[in-house]
Amino acid sequence: MTDTTLRWGLLSTARINERLIPAIRATERAELVAVASRDLARAEAYAAEHKIPRAYGSYEALLDDPEVDAVYISLPNSLHAEWTICAAQAGKHVLCEKPLAVSVEQCDQVIAAAESSGRVIAEAVMYLYHPLLQRLREMVKEGAVGQVTLVRGAFSFFLDRLNDVRWRPELAGGSLWDVGSYPVSFIRWVAGEPEEVFGWQVLTSSGVDATFAGLLRYDNGVLGVMDCGFRQQFRVQAEVTGTEGTLTLERPYLMNAQSRIVWQRGLDQEQVITSPEINPYECEVRAFTRAVLEGAPLPVSLESSRANVATLVTLYESARTGQPCRVLVW
Ligand SMILES: NC(=O)c1ccc[n+]([C@@H]2O[C@H](COP(=O)([O-])OP(=O)(O)OC[C@H]3O[C@@H](n4cnc5c(N)ncnc54)[C@H](OP(=O)(O)O)[C@@H]3O)[C@@H](O)[C@H]2O)c1
């Protein structure tokens, strides 16, 4: 790392990189220097198309490059923990796509790798880096909805790519791992860690959930309600309601110019809270860069990512067994 610049490498040529590349380039003190693919020709073509200086034909080769300080991991879900750990052991800081891992044990190994390497590791839950999320949490704490009693979230889209990694169980496909992780993280962002969860899923013939609906129960009387899926049209929802009002985060998760908080009390009182349009991927890359270069705190800790994974795993366990399950692994 130079004194002032974080030099980034991309681990894979995933579609989601299209969001991160402009975000890295828009961030002061960040520079995109390398990309790796399982296939050298693909890496070279990708590097040429995106004007990235260096291309590697394996992920290991990029990790061996001493002039890469941080990597963005956009691999299929089942590979997140393994490559995050490899990257940290190679001395790289890691921004890893959600979910951080697909088991609590893997999360513990990632946390151990962060501690032993001294590198920054963070889960790329981009919307939680957006200022409206901080504002929403402050408003809940200030009593905007009175006592919180119900938190709801949903994320679905119609997945028509038949060969998508999201349909493949061996890569930890499935709608809950993919888009369901957002409403679950939203409910936890507001209400903290649930005691118990219940889930129903509709499986494909390959065995991944195409639709998932879940409930999160809290000892203090709060309920969380979520759903997600690949067999519905695009919709994103997030709402906190309580004894005195409701906060609706419009256009959550994939935040854009339409994202805003609507605060409703009674039948007629409504107030809208906006923020300047801020790209959530830029918020994420800026925060990560500041965390590495200045030691600034991140909004999403590894412990919180671990709790999200624990909640998702327990929802799957409940759907598999048909029983409510306690979330035991805090
Ligand atoms: N935060 C967000 O807004 C957001 C949005 C979409 C996706 N995501 C996350 O980003 C990750 C990637 O999603 P995506 O839709 O961008 O995936 P994708 O386009 O399918 O890309 C995945 C990449 O992983 C590499 N790969 C390594 N082993 C693979 C295997 N066995 N099968 C297939 N690909 C393999 C491939 O790159 P090479 O061939 O170049 O090695 C491939 O391009 C997922 O974890 C997803 O949850 C986040």
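The values are calculated or read from the model by the stated rules, or taken from the named source; none is laboratory data. Source: prediction; values computed, not measured. Every residue, glycine among them, receives a Cβ derived from its backbone with ideal geometry; neighbour counts consider all protein chains shown. Side chains included, ligands, DNA and RNA excluded: accessible areas come from the protein's heavy atoms. Shrake-Rupley method; radii C 1.70, N 1.55, O 1.52, S 1.80 Å.
Take the conditions (1) open to solvent by 10 Å² or more (accessible area, probe 1.4 Å); (2) away from the ligand (no atom under 13 Å from the Cβ); (3) under 26 Å from TYR127 (Cα atoms); (4) outside any helix (DSSP H, G or I); GLU67 misses just one of them, which is (3).
Taking every residue in the range 182-203 that is modelled with pLDDT of 95 or more and pairing it with any residue that is assigned to a strand (DSSP E or B) and surrounded by fewer than 16 Cβ atoms within 10 Å (Cβ to Cβ), at least 6 positions away or on another chain, the pairs with Cβ-Cβ distances below 6 Å are GLU196/ARG326. Tell me which residues, restricted to the range 26-57, are more than 10 Å from the ligand (Cβ to nearest atom), under 22 Å from ASN279 (Cβ atoms) and of a type in the set (A, V, I, L, M). ALA26, ALA30, LEU32, VAL33, ILE52, listed by residue number.
Considering the range 1-12 alone, what residues qualify as being more than 10 Å from the ligand (Cβ to nearest atom) and open to solvent by less than 10 Å² (accessible area, probe 1.4 Å)? Spell out the reasoning first.
Applying the first criterion (more than 10 Å from the ligand (Cβ to nearest atom)) to the range 1-12 yields 1-9.
Answer for the range 1-12, where residues must be more than 10 Å from the ligand (Cβ to nearest atom) and open to solvent by less than 10 Å² (accessible area, probe 1.4 Å): LEU6, TRP8, GLY9.
Report yes if ARG7 is within 25 Å of the chain's Cα centre (by Cα), of a type outside the set (Gly, Ala, Ser) and either farther than 28 Å from SER181 by Cα or not assigned by TED's automatic domain parsing to the domain that holds GLN109 (or both), otherwise no. Yes, satisfied. So which pairs qualify, if the first residue must be in the range 13-35 and open to solvent by 70 Å² or more (accessible area, probe 1.4 Å), the second must be within 13 Å of the ligand (Cβ to nearest atom), the Cβ gap must be under 6 Å, and the two must be at least 6 apart or on different chains? Listed pairs, sorted by first residue: ARG19/TYR281. Does the range 246-268 hold any residues that are assigned to a loop (DSSP other than H, G, I, E, B) and either open to solvent by 10 Å² or more (accessible area, probe 1.4 Å) or of a type outside the set (Gly, Ala, Ser) (or both), and which are they? Of everything in the range 246-268, those that are assigned to a loop (DSSP other than H, G, I, E, B) and either open to solvent by 10 Å² or more (accessible area, probe 1.4 Å) or of a type outside the set (Gly, Ala, Ser) (or both) turn out to be ARG251, PRO252, TYR253, LEU254, MET255, ASN256, ALA257, GLN258, GLY266, LEU267, ASP268. The set of residues from the range 273-296 being over 19 Å from TYR253 (Cβ atoms) and open to solvent by 40 Å² or more (accessible area, probe 1.4 Å) comprises ARG290, LEU293, GLU294, GLY295.
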